[in-house]
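See below for the structure under consideration.
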Amino acid sequence: MDKIRFDCWKDGKKRALTMSYDDGVFQDRRLVEIFNKNGIKGSFHLNSGLLDRENTVSATEIATLYAGHEVSAHSLTHPFLERVSAAEVVHEILEDRRLLENACGYPVRGMSYPMGTYNDEVVKMLPMLGIKYARTTKATGKFALPNQFLEWHPTAHHNDEKLFELLEKFQAQKYPMPLFYLWGHSYEFDRQDNWDRIEKFCELAGGKEDTWYATNIEIYDYVTALRALEFSADRSMVYNPTATDVWVRYDHESVKIPAGKLTRLGTN
Ligand SMILES: [Zn+2]
């Protein structure tokens, strides 16, 4: 009898929400404050070759400003990756990772495509450059997990006219493991004078008991760990070979499957 359901996020939560902001502009400071106030986590995709400018954050503040969030790559100088040579792609990604890692103090494993553009060649190169996921700018209006993390289409841009409708739909969503993935640039809030929009979104989206607030890479690690679970043939035992705790539903209860451990599921 099939009693196991794969419908739990971290701590057995029903839904997950993640934010993704590009370019490392100084308005990130205000955005991070709004996220922190509401317990929301985000990933910040930075061009390490373009930092320390008038309109950007500085390399020295990265570790403290984005503490608790994720520092992620966005290429060294923001080119159209599909228009440059393979050697340039390597340089743009690896050098961005190296500089960001120096600044934030941990391996940088994710990115978003500069300008949101790419081709198959670029996608194929990313695993060799240590990149686990790459966000596009193609909003789906959906809460599904990506087909593949190297082409991770977000749910919506923050200016989506249906943003609040989508959030309501997400919060009522019955389909297992819904993920709301919002993206944008924080300078847009100044340009369009609509900081109230993101403040309202974070207030409505934050503080929900059934929602996991995660960075992009945490979502990646969780889903990857869930897919890596090794069950015994009768499904009474499960081994989690990863470094990430995951939860599954067994007999209608969420059960923690600790990282690196063998767990017995009831007594069949
Ligand atoms: Zn960008």
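Worth a mention:
- Condition check for Met111: buried (at least 16 other Cβ atoms within 10 Å of the Cβ), within 15 Å of the chain's Cα centre (by Cα) and farther than 21 Å from His74 by Cβ: no
- Scoring Val57 on the criteria (1) of a type in the set (A, V, I, L, M); (2) at negative phi; (3) surrounded by fewer than 22 Cβ atoms within 10 Å (Cβ to Cβ) leaves a single failure, condition (3).
- Residue selected from the stretch 27-50 under the condition within 15 Å of the ligand (Cβ to nearest atom) and free of Cβ contacts under 8 Å to residues at least 40 places away in the same chain, by the criterion most open to solvent (accessible area, probe 1.4 Å): Leu50
- Residue match in the stretch 207-230 (condition: on the phi > 0 side of the Ramachandran plot, surrounded by fewer than 17 Cβ atoms within 10 Å (Cβ to Cβ) and out of contact with any His (no Cβ under 6 Å at 6 or more places or on another chain)): yes
- Checked against (1) within 16 Å of the ligand (Cβ to nearest atom); (2) part of a helix (DSSP H, G or I), Met19 passes all but condition (2).
- Among the numbered conditions (1) part of a loop (DSSP other than H, G, I, E, B); (2) closer than 30 Å to Pro258 by Cα; (3) touching a helix residue (DSSP H, G or I) at 6+ places or on another chain (Cβ under 7 Å), the only one that Leu76 does not meet is (2).
- Inter-residue pairs, beta-carbon under 6 Å, first more than 12 Å from Leu204 (Cα to Cα) and in the stretch 163-176, second in a loop (DSSP other than H, G, I, E, B) and of a type in the set (D, E, K, R), 6+ apart: Pro176/Asp7
- The stretch 22-44, residues that are assigned to a helix (DSSP H, G or I) and over 23 Å from Gly141 (Cα atoms): Asp28, Arg29, Arg30, Val32, Glu33, Ile34, Asn36, Lys37
- Hey, Ala67 away from the ligand (no atom under 16 Å from the Cβ), in a helix (DSSP H, G or I), loosely packed, with under 15 Cβ neighbours inside 10 Å and modelled with pLDDT of 95 or more or not: no
The values are calculated or read from the model by the stated rules, or taken from the named source; none is laboratory data. The structure presented is a predicted model; accordingly, all values stated were derived computationally and were not measured. All Cβ positions, glycine included, derive from the backbone under ideal geometry; neighbour counts span all protein chains shown. Keep in mind that these areas ignore ligands, DNA and RNA; they rest on the heavy atoms of the full protein, side chains included. Shrake-Rupley method; radii C 1.70, N 1.55, O 1.52, S 1.80 Å.
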